[in-house]
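Chemist: Sharing a structure here in structure tokens format.
The values are calculated or read from the model by the stated rules, or taken from the named source; none is laboratory data. Since the structure is predicted, the reported quantities are computational estimates derived from the model, not experimental observations. Glycine also receives a Cβ, built like all others from the backbone with ideal geometry; neighbour counts cover every protein chain displayed. With ligands, DNA and RNA removed, areas are computed over all heavy atoms of the protein, side chains included. Shrake-Rupley method; radii C 1.70, N 1.55, O 1.52, S 1.80 Å.
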Amino acid sequence: MKEKLVGKFIHISNPSHNRGFSTLELMIAMTLMSMGLVGAVSANYAAQYWSITSETSNEGLYKAKTKLEDMRSLVKQDFYQIVSTPPTISQDPSDPADASCIKGGLCYSVQTIVTDLSSCSKYIEARVSWQIYGYPETTTSLYTNLTNSSEATALGGDCILNQPGGSWASAAPQIVGSLTFSPGKLLSSIDTLHKKIYVTAATSPYLLAYAAPTSVGQSPSLLGSIGSTKLNDIDVEKDLATGRTYAFVAKHSTTLQLSVYDVTDPAAPSLVTEKKLKGIIPPGVFSEGWKVFVYGGRLYMTTRETSGNEFHIFNIDTPAQPIEIGTGFQLNRTVNDVVVREQKVGGVVHRFAFLAADADTSELSILDVTGDSITEVASVDLPGNQDGLSIFVLGRQLYFGRQSNVSGPELYTFDVSNPSSLSLASMIGQGEVGADVHTIKVTGPHTFVGTSKSGQEFQVWSADYSTWDGGVLNAGRMQSHSFSNLAPLGIDIDGDWIYGISQNAGSDSLQVLYRP
């Protein structure tokens with residue numbers, strides 16, 4: 001070994017080191033080369049993955065878009081036939097993208113998820129999934145809202161297009177604002193339309209119109225009032241022909257059961273006309289106006305059980321001049337809630353009235369009122385002698401509430417794909433509430449239920465009736481809220497907020513609920 005002094009440093013050279021790479025150096029070089037090759041392979045894999053994914057994603061989006069367009073087409077034929085479908089492999093011989101699947105290669109799975117928001121609005125998701133061999137499954141979705149414009153028109157604009165915002169399942173609702181009446185007014189009914197609140201009462205003034213709150217912490221503000229007689233029920237609609245807004249009211253009178261008010265300017269409501277019901281045998285005990293429902297140029301009105309006819313139809317093509325059609329139909333029972341809608345059955349459009357009544361053997365029944373003729377086409381006798389109190393129809397499901405039943409459930413769901421064939425066999429869900437179910441409103445994933453249960457009068461149930469259990473208390477219930485003396489049929493929905501009224505001779509209230 002030789003030593004050389006270079007400046008202050010000593011350089012020691014070893015001739016044997018200059019003959020080639022050491023084993024360690026070779027290992028380092030091979031490792032670096034391997035890392036480079038792995039990086040190149042990974043980059044190539046990623047490039048191939050994103051290239052293939054881009055190609056298949058475009059096809060997936062195309063299939064999702066095609067599915068939504070198919071749904072739009074079906075809406076024009078029959079709004080209620082649009083329902084959720086399970087994932088189905090797409091193997092369309094006319095579609096070149098499906099050729100590979102048909103031959104045993106790449107397949108696209110297509111699924112439709114439908115959420116009913118109201119009788120005139122559905123939320124649709126078209127979901128497409130696929131998996132390329134060796135790669136993870138990929139999913140793409142497109143969403144849209146489909147509306148039933150004829151239904152919205154038939155209801156005079158009183159039909160929600162979107163479910164209330166907020167997480168109603170995660171916590172109890174909060175109060176936007178409220179009004180307390182002392183002494184109480186015995187509020188009897190509520191209807192909301194375009195951010196206006198209309199309530200009826202048993203004491204003067206009998207019809208009150210409020211402006212809905214515009215922010216949390218604000219209470220409804222009184223706009224106007226009118227009326228000289230106790231009122232039992234109200235339905236408000238906007239007449240598209242004139243642009244005016246009318247309130248149709250069931251009046252607590254045996255001689256003039258129907259009152260019509262012009263509430264276009266809610267600060268100055270005016271009485272338009274009053275009508276006496278036909279087909280009632282004097283003296284007509286309990287023949288006061290009881291329930292009203294406006295639908296498609298007709299007003300459907302009931303009395304309590306009386307001597308004569310309890311169910312009546314008015315032509316309201318000209319709302320200010322209602323004309324009763326015929327002399328009514330005898331039910332021999334008191335109808336506590338009524339819903340009317342049109343539905344295509346066997347390719348033919350029928351108009352049905354769905355009734356919840358106090359009859360032991362016909363607490364749930366359906367009338368065919370197509371063409372203004374009235375025929376009872378179906379009825380259900382549920383176990384026990386509890387009365388029907390509330391009813392709601394959404395999509396192909398009918399939701400039904402009855403009096404508290406110590407030996408059975410109070411909340412039911414029926415399949416009404418064909419209303420004329422309704423029977424006990426049509427029942428598809430039962431919920432044990434443990435109290436009277438006197439109000440039902442369903443939208444999206446939530447069923448809003450008004451009950452007589454102390455401290456839990458306002459309840460939020462899942463609209464998925466498969467979570468209910470008729471033998472287990474509150475199975476399917478997500479939240480509850482104390483709303484003392486919540487009135488029968490005392491809930492309505494407008495936008496993101498839910499409006500409710502209590503019924504108490506000493507002190508009652510109007511509350512506006514929401515969820516952040």
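Chemist: Looking at (1) surrounded by fewer than 19 Cβ atoms within 10 Å (Cβ to Cβ); (2) not in a loop (DSSP other than H, G, I, E, B), which is the only condition ALA320 fails?
Modeler: Among (1) surrounded by fewer than 19 Cβ atoms within 10 Å (Cβ to Cβ); (2) not in a loop (DSSP other than H, G, I, E, B), ALA320 violates only (2).
Chemist: A further question follows. Considering every residue within region 436-453, establish whether at least one is outside any loop (DSSP other than H, G, I, E, B), in contact with a His (Cβ under 8 Å, 6 or more places away or on another chain) and polar (S, T, N, Q). Give the derivation first.
Modeler: Pass one, region 436-453, residues outside any loop (DSSP other than H, G, I, E, B): 437-443, 446-451.
From what is left, the residues that are in contact with a His (Cβ under 8 Å, 6 or more places away or on another chain) are 450-451.
Now drop any that are not polar (S, T, N, Q), which leaves 451.
For region 436-453, residues outside any loop (DSSP other than H, G, I, E, B), in contact with a His (Cβ under 8 Å, 6 or more places away or on another chain) and polar (S, T, N, Q): present.
Chemist: Which condition does LEU231 not pass, out of (1) without any contact (Cβ under 8 Å) to a residue 40 or more places away in the chain; (2) open to solvent by less than 20 Å² (accessible area, probe 1.4 Å); (3) of a type in the set (A, V, I, L, M), if it passes all the others?
Modeler: LEU231 satisfies all of (1) without any contact (Cβ under 8 Å) to a residue 40 or more places away in the chain; (2) open to solvent by less than 20 Å² (accessible area, probe 1.4 Å); (3) of a type in the set (A, V, I, L, M) except (1).
Chemist: Mind telling me which of the residues SER167, SER204, SER225, SER219 ends up being at pLDDT 95 or above and either β-branched (Val, Ile, Thr) or assigned to a loop (DSSP other than H, G, I, E, B) (or both)? Break it down stepwise before answering.
Modeler: Working: SER167 fails: at pLDDT 95 or above; SER204 fails: at pLDDT 95 or above; SER225 fails: either β-branched (Val, Ile, Thr) or assigned to a loop (DSSP other than H, G, I, E, B) (or both).
Being at pLDDT 95 or above and either β-branched (Val, Ile, Thr) or assigned to a loop (DSSP other than H, G, I, E, B) (or both) holds for just one of SER167, SER204, SER225, SER219, which is SER219.
Chemist: Pull out all pairs, ordered by first then second residue, where Cβ-Cβ is under 6 Å, the residues are six or more apart or on different chains, the first lies in region 249-274 and is charged (D, E, K, R), and the second is crowded, with 22+ Cβ neighbours inside 10 Å and not in a strand (DSSP E or B).
Modeler: If the second residue must be crowded, with 22+ Cβ neighbours inside 10 Å and not in a strand (DSSP E or B), the pairs left are LYS251/GLN257.
Chemist: Which is at pLDDT 95 or above, more than 30 Å from ASP436 (Cα to Cα) and not polar (S, T, N, Q), of GLU288, GLU324, GLU310?
Modeler: GLU324
Chemist: For region 82-112, name all the residues that are within 30 Å of VAL340 (Cα to Cα), of a type in the set (Val, Ile, Thr) and loosely packed, with under 15 Cβ neighbours inside 10 Å.
Modeler: Our first condition is that a residue be within 30 Å of VAL340 (Cα to Cα); within region 82-112, this holds for 82-85, 112.
Subset that is of a type in the set (Val, Ile, Thr): 82-83, 85, 112.
The answer is VAL83, THR85.
Chemist: Filter region 324-364 for residues that are in a strand (DSSP E or B), polar (S, T, N, Q) and within 15 Å of ALA378 (Cβ to Cβ) and give the result. Can you show your working first?
Modeler: Initially, region 324-364 is screened for residues in a strand (DSSP E or B), giving 324, 329, 335-345, 348-357, 364.
Subsequent filtering for residues that are polar (S, T, N, Q) retains 336, 343.
Once the filter is applied, which keeps residues that are in a strand (DSSP E or B), polar (S, T, N, Q) and within 15 Å of ALA378 (Cβ to Cβ), region 324-364 yields only GLN343.
Chemist: Let me ask you something else. Hey, can you tell me all the residues within region 95-113 that are free of Cβ contacts under 8 Å to residues at least 40 places away in the same chain and more than 15 Å from LYS65 (Cα to Cα)?
Modeler: Let us first name the residues in region 95-113 that are free of Cβ contacts under 8 Å to residues at least 40 places away in the same chain, namely 95-105, 107, 109, 111, 113.
PRO96, ASP98, ALA99, SER100, CYS101, ILE102, LYS103, GLY104, GLY105, CYS107, listed by residue number.
Chemist: Scan region 65-94 and report the pairs whose first residue is farther than 14 Å from LEU146 by Cα and whose second residue is β-branched (Val, Ile, Thr) and modelled with pLDDT of 90 or more, with Cβ atoms within less than 6 Å and a gap of 6+ or a chain change.
Modeler: Cβ pairs passing all conditions: THR85/THR112; THR88/VAL110; SER90/VAL110; GLN91/ILE102.
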